[in-house]
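First the structure, in the form of structure tokens, and then the observations on it.
What follows draws every value from the coordinates through simple rules; no lab data is involved. Small disclaimer: the values here were computed from a predicted structure and weren't measured. All Cβ positions, even for glycine, are placed from backbone atoms using ideal geometry, and neighbour counts span all protein chains on display.
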């Protein structure tokens, strides 16, 4: 469809509707402790993405690093939805004419050919989820890892695959980070709030997705402070591959771009039968974040570690976490 399509009298309404659909699709994005720290403001053919300060984990994530990464995932989901609907969208990240909480502005310029890869990504978005059970399948195919890496790098972020010796370093870093955090009563209280019965409706981490016991793996998974009800096996994760997302700088813009890259890589992984589990604990503690940076010879700044594993097609699916309804995260002018 040509670029004059917006001259049709109904197209402004169609553009607004498309952005509303994009913001709704973004609601499926993963976020640290499922806090969903984003809010959208829709005005005509413009959609603004805001960081919600009240949903930042003040103890775990005091600088908003992981919250901004989470918002970056939501931003990429929205971009995918717009492209899948056949709209050309310009994205302005960290607009200078607004406050620090405005992370990005999407503006519809007109019609564009429907992007087939975005159509596939949009279909994948509702099915993408985090399965914390040990990986029991075969190792990730090199071609799949290459595709995931390419998807990440296309979004302006780098992906480093950890060597076996670096996986052992990661295991030590993850263990140290979790022990350091668990020693802080304020951190324990914050975790209990987002994983307990008092968590806000539609957010947080329910027991259904928390393993019922500690997994017997080299790299320890997130310790949620209490066992959940997700059955886990005694498998050891020998087939897992660990990768590190890292940016060229350590600023909010880099965190946002890392989130967009995470979305692109995760959707690509899901489409190829590869599971993804984020490991954020080593990022949350300064000392272990520096240790991760040493693994890449200090050429960049770590944003997140991911565990990749092949999905068993005959296996049972893990439950999904709930999401806030669209009307609670989208404001309309």
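Between residue 296 and residue 236, the simple label model (points 7 Å from Cα in the Cβ direction) yields a spacing of 3.0 nm. Against the chain, whose longest principal axis comes from its Cα atoms, helix 252-271 is set at around 80 degrees. Each pair of Cα atoms in the chain enters the Kirkwood radius, and Stokes-Einstein at 10 °C and 1.306 mPa s then converts it into a translational diffusion coefficient of 78 µm²/s.
Summarising the label geometry, the points placed 7 Å from Cα in the beta-carbon direction at residue 183 and residue 212 lie 3.4 nm from one another. As a calculated quantity, the FRET efficiency between residue 328 and residue 229 at R0 = 45 Å, using C-beta atoms, amounts to about 0.95.
Expressed per residue, the C-alpha convex hull volume of the range 1-110 stands at 88 Å³. Full extension of the segment from residue 248 to residue 109, taken as 0.36 nm per residue of separation minus the current Cα-Cα distance, would add 47.0 nm. Taking the C-alpha atoms only, the angle from helix 185-195 to the longest principal axis of the chain is near 60 degrees.
Annotation: the residues 94, 295, 244, sorted from fewest to most other C-beta atoms within 10 Å of their own C-beta, follow the order 94, 295, 244. Label-to-label distance for residue 272 and residue 58 is 4.2 nm, based on points extended 7 Å past Cα in the beta-carbon direction.
A protection proxy built from the mean count of other Cβ atoms within 10 Å ranks the segments 279-285, 179-185, most packed first, as 279-285, 179-185.
Just subtract the alpha-carbon distance of residue 98 and residue 317 from 0.36 nm times their residue separation and send over the number in nm, one decimal.
74.6 nm
Using equal-weight Cα scatterers in the Debye expression, the normalised intensity of the range 142-310 in log10 at q = 0.12, 0.15, 0.19 Å⁻¹ is -0.57, -0.92, -1.40. Relative to the current alpha-carbon distance between residue 90 and residue 286, full extension at 0.36 nm per residue lengthens the span by 67.1 nm. Rounded to the nearest 10 degrees, the angle from helix 11-26 to the longest Cα principal axis of the chain is 10 degrees.
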